[in-house]
Amino acid sequence: MIRATGFCIFVAFSLTSLSCTREEAPAVADPRSHDYFSFANTDQFVTQHLNLELTVDFEAEELRGSATLQIRRIENDASEIILDTRDITIEATSFVQTSGEMLKAEHRIGETHSIMGTPLFVKVPADIRNEEKFTLRLDYRTSPKSTALQWLPAELTAGLEHPFLFSQSQAIHARSWIPLQDTPAVRITYTAKIHTPPELLALMSADNDPGAERDGTYEFEMPQPIPSYLLAIAVGNIYFAPIGDETGVYSEPELLEASAFEFADTQTMLETAEAMFGPYQWGRYDLLILPPSFPFGGMENPRLSFLTPSLLAGDRSLVSVVAHELAHSWSGNLVTNATWRDGWLNEGWTSYLEHRLMQVIYSEARADEENLLDYRELLLNFETVNPAMQALAPTLEHGDPDDFQGIIHYHKGNLFLQYLEKAFGRDVFDVFIGEYFRDFAFGTITSEQFLDYLDENLLSAYPGKINREQVKQWLYAPGLPDYALIPTSRNLDTAAEMAALWSSGEIDITDVPSAGWSPQAMRHFINSLDSDLSTERLNELDAALGLSATSNAEIGRTWFIQVAQRQHRPAYEQLEQHLRRYGRTRLVRPVYVALAQNGSDLELAKEIFAEVREVYHPLTNISIESAFSRIQETGN
Ligand code: BES
Ligand code: ZN
C-alpha cells in the first residue's frame, strides 16, 4: 500500500499535469491532509528525538558529523524508512543498539527531485523492526550548496572580521542540513553539540545560555517537541544584551546597542502575549539580528526569533515583525499547520495575533494603520494570483511551498479571524483562542480539523451568527466574501487625502503635515499619489520629504517601487543603493519587478541584479530570477 502512495508522489511530482486521485492513493485517508512535500513514510515510522553532533567548517562551507534519530515504528511489518535529504552526502548509516553497539544499516539513495530533494531509504531489519523504538545514526556532511545554510564571508558582516553562518529551514530546507523526516506533521525534541572556531558563538532554536563560555563547543537542548522547519542554527561573532528577565537580543557587537534600543519592548510584548493567548511554553524568548542577507523580516525559530537588520529604523516603527514572530510561539510553533497547504493556520493566525498585540502595546490607531496597509497588499496580490490559489486552503498537490500563497495566507487569514472575532464578540473569541491553543498544544492541525473544531466550539455553540457554509467560503473560495470586514484607518485616510490635494496642486508640499506622521502614514501617502505626476513634481516631493534618503526600509521599499513604476530616473541612483543595502526579499524583489515591468528597464534590472546577487541569499535570488522569467515569458 505504501508503495502505491510513494509511487503516486513521484508521478505527481515528475509530471505536474498528473495528480494523485483518491483511488490511486488508498493509504492516504484524506489527500488534502497529506504532506506532498516530503518523501517520509510517516504512517510507518515517526521520529521522536534528534541528537546532532556537528562541526562547523567555514573553509569547506560544510557541516560535518552525525544525526541520531530515535524512531518509533507505527506499522508492524514496515521494513524501510524513508528520510528527506537535499545535497547531503551520507557517509554511513547504523543502528545504535541498546547495548550501545553499532550495527551497520543498509541504505540507498533515491532519485533527486528538483523541489523535494533526494529520498534516503534505510532498510530496517527484522530484529530491529521488532522493537517498538529504535535508534538510527546517520554520518553525513552538507554541501556548500545547502539551500538552508548561508555561509557569509567576513566582508558581508557588520564587523568585517569574522565569517557568519545561519540557517533558514522553513519551508522544506531542514533536509539540506539534516537528514530527517522533513514535514511539519512530525514533532521532535532535540539535543545538539556544535563545534565552531573557538572565537565564535553558536546559537540554536533551543536553550541558549546568554552567559555561555565562548570556547568553540556548545551544547543545546530543545525539550519541547517541534516540527523540523523550526530547527535552526547561527554561528558568528555574536554577543548578547538583556532586554527583560526572560528576553534579550543577540547580534554582532556593532549592532548590539541599536538592537537593544529598537527591541526594548520585547519583554512587554511577551508578557502581553501571555496574558492574551495563554502561557508561553518555551522558556526564554530572545532575538537574533542577522546580517543583511537574511531573506525574511523574521523567522520564528523557537526561543530565538531570527530578524533582519533592516528593522533597525531607530524609532521602533518596524517592530510589528517582532510581535509577529513572538505570536508564532502560539500559532505555528505550539499549534502547527499539518502541511504547507494549511499555512494560513500558521501565518493568518499569527498576523491576527500580531495586530492584537500592536493594539495593546502601541495603539489602536497604529494597529489600524498596519491592518489597512496589509489589506492593500492583499488586494494587489489578488490581481496576480490565480483564483484557485486565492483560497485559504487550496487543493495543492504539487508546486514549491517556497513560492506558495504568501500574502493570502497572511492577510486573508487575518481578515477571516477578524471576521470571527467581530461576529462572536471579542470576549467570546478570546476564550476560544485560549482553548484552541490549549487543546492543540504541541500538535498539528489541518484546515478541515480547524473547521470542525470551530463548528463545535463557536458556530454550533453560539448559533445564528455564522454558518459552516460561510466559513467554507473563506477556506475554499477565491477573493474575499462580501461580508468581510474592510480595514479602516483615520490616519491613513488623512494621508490619502493629503496625497490627493497635493497631487492636484490644491495644497503646497509645506502644507502636508508629514512631520507628525508615522512611517505607515508616509507609505500610504506615497501609494496614494496621482499616477501622472511630472518629474519636477516628484523631485520636489523627494526633496521636501527626504524619500530617497530615508533610513526606514519600508518607506524606501514603497518609494522605490513608485520610482521604478514611474520611471523617475533622477532617483535611480538611490534606488540602486536601496537594492545594495538590503537583502530581505520583501524589500528588494518588488523593486526589481517594478523596474522589469515598466516597459523600459528589464535590462537595467537584470544588470543591477547580476552585480548584487552575490550578496543576497540564494532563496532571494531564486525568487527574483523566477520573477524575471515570468515577466519575460508573459510580459507581466
Ligand atoms: N515564518 C515566516 C517566514 C517564512 C515564511 C519563511 C514562509 C519561509 C517560508 C515568518 O514568520 C514571517 O511571516 N515573516 C514575515 C514577517 C511579517 C509578516 C511581519 C516576513 O519575513 O516578511
Ligand atoms: Zn509568520
For ILE226, residues with placed amide H under 5 Å, excluding near neighbours: ILE188, THR189
Straight-line reach check, LYS422, cutoff 25 Å on alpha carbons, 8 or more apart in-chain or any other chain, hits among lysines -> LYS412, LYS465, LYS472
Kindly write out, for the range 172-187 in residue order, the coupling ³J(HN,Hα) from the Karplus curve 6.51 cos²θ - 1.76 cosθ + 1.60 (θ = phi - 60°), rounded to whole Hz, with x marking Gly and Pro. 10, 10, 4, 5, 8, 10, 9, x, 6, 7, 9, 9, x, 6, 10, 10
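Mind putting a number on the dipole of the chain about its Cα centre? Charges go on the C-beta only, +1 for Lys and Arg and -1 for Asp and Glu, and I need it in Debye to the nearest 20. Mind showing how you got there, number by number?
Details: 47 positive and 91 negative charges, 221 e Å.
I would put it at about 1060 debye.
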Can you list the HN-Hα couplings for the range 289-303, worked out from phi with the Karplus curve (6.51, -1.76, 1.60; θ = phi - 60°), rounded to whole Hz and with x for Gly and Pro? 8, 9, x, x, 6, 3, x, 10, x, x, 9, 7, 4, x, 6
Carbon and sulfur: what percent of the chain's accessible surface (1.4 Å probe)? 49 percent
Considering only GLY406, SER167, SER600, whose Cα is most displaced toward the positive end of the charge dipole of the chain, charges sitting on Cβ of Lys, Arg (+1) and Asp, Glu (-1)? GLY406
Plugging the Cβ-Cβ distance of ALA544 and ASN598 into 1/(1 + (r/R0)^6) at R0 = 41 Å yields, to the nearest 0.05, a FRET efficiency of 0.95
Could you tell me how far the Cα centroid of the range 204-218 sits from the Cα centroid of the range 150-198, in Å? 15 Å
Using Cα-Cα distances under 8 Å and only pairs 6 or more residues apart, what relative contact order does the chain have, in percent? 10 percent
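My understanding is that a pair violates if its Cα-Cα distance is over 25 Å; which of LYS133/LYS193; LYS104/LYS193; LYS123/LYS193 do that in this structure? Don't skip to the end; give the middle numbers.
On the way: LYS133/LYS193 23 Å; LYS104/LYS193 23 Å; LYS123/LYS193 27 Å.
Violating the 25 Å limit, Cα to Cα: LYS123/LYS193.
Charges at C-beta only: +1 for Lys and Arg, -1 for Asp and Glu. How large is the resulting dipole of the range 531-634 about its Cα centre, in Debye rounded to 20? Can you show the working numbers first?
Numbers: 12 positive and 14 negative charges, 76 e Å.
That gives the range 531-634 a dipole magnitude of about 360 debye.
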With every protein chain in place, the accessible area of THR634 for a 1.4 Å probe, in Å² rounded to the nearest 10, comes to 90 Å²
How big is the gap, in Å, between the Cα center of the range 574-617 and the Cα center of the range 300-314? 23 Å
Spelling it out for ALA338: with amide H atoms placed in the peptide plane at 1.01 Å from N, the residues 5 or more places away or on another chain with amide H under 5 Å from its amide H are ILE445, THR446
Between the range 353-368 and the range 436-507, what is the separation of their alpha carbon centroids in Å? 16 Å
For the range 487-548 the GluC sites (Glu not before Pro) that pass both the DSSP coil test and the at-most-10 other-Cβ-within-10 Å test are GLU506
With a point put 7 Å past each Cα toward its Cβ, work out how far GLU254 is from ILE115 in nm, to one decimal. 3.9 nm
Please give the per residue accessible area of the range 531-634, computed with a probe of 1.4 Å over protein heavy atoms only, in Å². 44 Å²
What's the magnitude of the charge dipole for the range 150-266 around its Cα centre, counting Lys and Arg as +1 and Asp and Glu as -1 at the beta-carbon? Answer in Debye, nearest 20. 660 debye
Applied in sequence order to the range 540-557, the curve 6.51 cos²θ - 1.76 cosθ + 1.60 (Karplus, θ = phi - 60°) yields integer Hz couplings, x standing for Gly and Pro, of 4, 4, 4, 5, 6, 9, x, 5, 5, 9, 4, 9, 8, 4, 6, 5, x, 4
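The values are calculated or read from the model by the stated rules, or taken from the named source; none is laboratory data. These numbers come from a predicted model, not from an experiment. With ideal geometry, Cβ positions are generated from the backbone for all residues, glycine too; neighbour counts draw on all protein chains shown. When the accessible area is computed, the model is the full protein with side chains, heavy atoms only, and any ligands, DNA or RNA have been set aside. Shrake-Rupley method; radii C 1.70, N 1.55, O 1.52, S 1.80 Å.
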